[in-house]
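Have a look at the structure below before the remarks.
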């Protein structure tokens, strides 16, 4: 028997992340699990001396904007039925941060998208999804976009 009580959806606000969120919702509903939507905000280069305050302001603004965007991805139903919450963290290593968060929160499954970059782009940029799959403490569902339609739109409730 598969028991999922905590579903973590990692998002970068892309179309494929939105697709992963639909999968995360479906899993959480199917297993009567809670859902967390996690975004890792890039760390702005830290300044030294007088410029440090300006970088801190930029970082704070980036984190606040990301937090607001994650909050908008959660519906009232997500919050009431799935007890969903939005989390943002700042890091220069998104894959490591996702894995660390999943371990600390004893997440049962991570759902995330992949952009499917290949060749030189993959070599230069790496893959957050690949990093998470390699070191996650739980199963990882990686969604591509466009994907095979396993999740159907919600039907109106009677």
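The values are calculated or read from the model by the stated rules, or taken from the named source; none is laboratory data. Fair warning: this is a prediction, and the values are worked out from it, not measured in the lab. Every residue, glycine as well, gets a Cβ built from its backbone with ideal geometry; the counts of neighbours run over all protein chains shown.
Let's see how each residue does on (1) in contact with a strand residue (DSSP E or B) (Cβ under 8 Å, 6 or more places away or on another chain); (2) modelled with pLDDT of 90 or more:
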residue: 48; (1), (2): no, no
residue: 80; (1), (2): no, yes
residue: 96; (1), (2): no, yes
residue: 100; (1), (2): no, yes
residue: 110; (1), (2): yes, yes
residue: 132; (1), (2): yes, yes
residue: 136; (1), (2): yes, yes
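For region 82-94, the candidate set comprises residues that are modelled with pLDDT under 95 and out of contact with any helix residue (DSSP H, G or I) (no Cβ under 7 Å at 6 or more places or on another chain); within that set, the residue that is farthest from residue 24 (Cα to Cα) is 92. Quick check, is residue 30 at pLDDT 90 or above and surrounded by 12 or more Cβ atoms within 10 Å (Cβ to Cβ)? No; evaluated as a whole, the condition is false for this residue. All of (1) at pLDDT below 95; (2) within 25 Å of residue 131 (Cβ to Cβ) hold for residue 5 with one exception: (1).
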